[in-house]
Structures are given as C-alpha cells and as structure tokens.
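Undergrad: Have a look at this one before I ask anything.
The values are calculated or read from the model by the stated rules, or taken from the named source; none is laboratory data. Quantities reported herein were computed from a predicted structural model and do not represent experimental measurements. Glycine also receives a Cβ, built like all others from the backbone with ideal geometry; neighbour counts cover every protein chain displayed. All accessible areas refer to the heavy atoms of the entire protein, side chains included, with ligands and DNA or RNA removed. Shrake-Rupley method; radii C 1.70, N 1.55, O 1.52, S 1.80 Å.
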Amino acid sequence: MSENKLRHVAIIMDGNGRWATVRSRPRVWGHIRGSTVVADIVEEADACGVQALTLYAFSTENWCRPQTEVKVLFALLKKFLLKERPRLIKNQVRFRMMGDLSHLPKDTQNLIQSLENETQNFKGLKLTFAFSYGGRDEIVSAVNNWVEKNPGQKLTVEALQNSLLVPDLGDVDLLIRTGGDQRISNFMLWQVAYAELFFTHTKWPDFTAEEFRSILDKTGKRERRFGSVCAEDNLKQTIQKAHQNKFQLFNQSEVH
Ligand code: FPP
C-alpha cells in the first residue's frame with residue numbers, strides 16, 4: 001500500500017440488521033457479530049497509519065429502536081470497553097466518546113470515563129465512538145456554547161470548529177459507509193465538508209481489515225482539490241487562500 005494520506009477516517013457501520021435478517025436471525029445477532037469486527041478495523045487503521053478513526057455506533061435516531069435492541073447495543077459497548085481496554089492501552093490508542101452519554105448505565109459511563117482518563121495523553125491512534133450522537137445537535141450546541149461565551153461577537157469558521165465535541169479530530173478525510181446505502185445520516189455534518197465518500201455494499205458484520213485497507217488504497221489515490229483547480233495536500237492552506245481571495249474580491253469591488 002502507498003503511504004496513507006487519509007488522516008481522519010470515519011465509518012458508518014451499517015447493515016447489521018439486514019445481515020441477520022437474511023440469515024433468519026434476530027437483528028441483534030447482526031449487532032453482536034458486527035461488534036466483533038470493530039477491534040479488527042481499529043487495529044488495521046492503526047497499522048495503515050490513520051491518525052484518527054471515528055465510528056458511528058449509535059445515533060440520536062437509534063433511540064426509536066425496540067428497547068431490547070438498544071439494551072444489546074449498550075451491552076456490546078460495555079463488552080468492548082472491558083475486553084479491548086488492555087489492547088488499546090498497549091497500542092497507545094487515545095479513546096474518546098462523543099454524544100449524549102447520560103442515558104447509558106452508570107457502570108458503563110464509569111468505564112468510559114476511566115478509559116478516557118487513562119488514555120488522555122496517548123499519542124497513538126485517536127479512536128472515537130459517536131454514541132447517542134447527531135451531527136445537527138453537535139453544530140447547534142457548538143453555536144449556542146460559543147454565543148453564550150462571546151455575546152455580541154461574530155462567529156467564525158475557526159471558532160465553530162473549535163467548539164465541536166472533539167475539536168482536535170479536525171475534518172474527516174474519508175467517510176466509509178457499509179451496507180449499501182448512500183447517505184450521511186446526520187454523521188459529522190460539519191467535519192465531512194471536504195471528505196471523500198466511499199459506499200460499499202458489504203454489510204458491517206462482513207467488513208474486513210482487507211477491505212478497509214483496499215478502500216484506503218483506492219481513495220488515497222483520488223485527487224482532492226478542495227474546490228480548487230489543482231490537487232492540494234493541505235486543506236487548511238487551501239481554505240485560507242480561498243478566504244484571502246474572497247476578501248481581495250470584496251476590496252476590489254468596493255474600489256470600483
Ligand atoms: C447499523 O445497523 C448499526 C448500528 C445502529 C449500530 C452499530 C453497532 C455496532 C457495529 C456494534 C456495537 C459495537 C460497539 C463496540 C459499540 P442497522 O441495524 O441499522 O442495520 P440495517 O440497516 O441492516 O437495519
């Protein structure tokens with residue numbers, strides 16, 4: 001594989017329910033099987049040189065699912081936290097969760113807090129689970145928090161970016177969705193502004209480290225222009241240039 005240029009990869013892990021249904025099993029069977037794939041993908045992302053991996057594990061809309069399914073998802077999260085803790089620590093993975101965790105069982109909240117604390121200074125892969133998370137909610141909270149702290153001031157792109165739930169993750173470079181649908185589903189709406197999108201028909205329980213690596217390889221070769229006419233390595237630089245050009249245009253039109 002060529003050197004990985006995709007710094008931040010996000011995944012919508014979809015297709016668990018259908019994976020189970022076609023096998024005449026209850027939907028939760030798909031979640032159980034799907035949860036076993038997570039650790040492999042975390043390990044592969046790390047091995048491929050990805051710096052941040054963000055996984056959509058439970059959306060704000062998922063609360064509408066049957067109670068039993070929600071409980072199984074909670075249980076799978078707890079199992080992951082207990083089972084994978086030693087490996088995450090050994091690999092210097094910085095673990096975080098983003099979303100409204102207040103409805104999770106207290107013992108799971110404690111496990112999350114403890115792992116976040118333990119890994120907060122680690123410099124390895126940034127692994128973030130989006131749980132009870134919604135992209136619109138994230139943006140609205142970011143704006144409200146900022147306005148409250150800066151009354152009467154004008155919000156900027158940078159200030160909003162810095163007010164997001166996990167600001168240091170930055171923009172998503174590649175968004176993968178498994179399961180065949182081609183939607184963003186309220187996931188990291190701000191951060192995917194310039195992301196490469198990759199949709200695979202593979203349902204999450206069948207997703208493998210090999211497919212992940214091959215997607216990185218394919219999308220890493222795509223030319224990313226960020227609205228410009230030539231490929232640019234540095235998104236920040238390009239956006240700054242665009243802002244400068246805009247201001248120059250304003251000044252010129254004021255002169256004429
Ligand atoms: C979408 O499949 C998937 C989810 C709502 C949950 C994703 C959860 C896991 C992969 C397991 C949890 C693991 C951890 C470690 C938190 P779906 O049920 O919407 O599938 P469908 O589109 O086929 O119905």
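Undergrad: Output the number of the condition that I32 fails; it satisfies all remaining conditions of (1) without any contact (Cβ under 8 Å) to a residue 60 or more places away in the chain; (2) open to solvent by less than 60 Å² (accessible area, probe 1.4 Å); (3) within 11 Å of the ligand (Cβ to nearest atom).
TA: Every condition holds for I32 apart from (2).
Condition check ((1) modelled with pLDDT under 95; (2) within 20 Å of the chain's Cα centre (by Cα)) across all residues:
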| residue | (1), (2) |
| --- | --- |
| L77 | no, yes |
| R87 | no, no |
| K90 | no, no |
| H103 | yes, no |
| I112 | no, yes |
| E116 | no, yes |
| Q120 | no, yes |
| K123 | no, yes |
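Undergrad: Right, here's the next one. Could you tell me which residue of region 35-63 is least open to solvent (accessible area, probe 1.4 Å), considering only residues that are assigned to a loop (DSSP other than H, G, I, E, B) and either out of contact with any strand residue (DSSP E or B) (no Cβ under 8 Å at 6 or more places or on another chain) or closer than 28 Å to H103 by Cα (or both)?
TA: C48
Undergrad: For region 180-192, does any single residue satisfy the condition of being of a type in the set (V, I, T) and either away from the ligand (no atom under 16 Å from the Cβ) or surrounded by 21 or more Cβ atoms within 10 Å (Cβ to Cβ) (or both)?
TA: yes
Undergrad: What pairs come up if the first residue lies in region 103-132 and is touching a residue at least 24 places away in the same chain (Cβ under 8 Å) and among the hydroxyl-bearing types (S, T, Y), the second is part of a strand (DSSP E or B) and open to solvent by 40 Å² or more (accessible area, probe 1.4 Å), and their beta carbons are under 7 Å apart, counting only those six or more places apart or on different chains?
TA: Within 7 Å, the pairs are T119/R94.
Undergrad: A follow-up question, please. Out of K78, K90, report the one residue that is free of Cβ contacts under 8 Å to residues at least 40 places away in the same chain, more than 12 Å from the ligand (Cβ to nearest atom) and basic (K, R).
TA: Details: K78 fails: more than 12 Å from the ligand (Cβ to nearest atom).
Unique residue meeting the criteria: K90.
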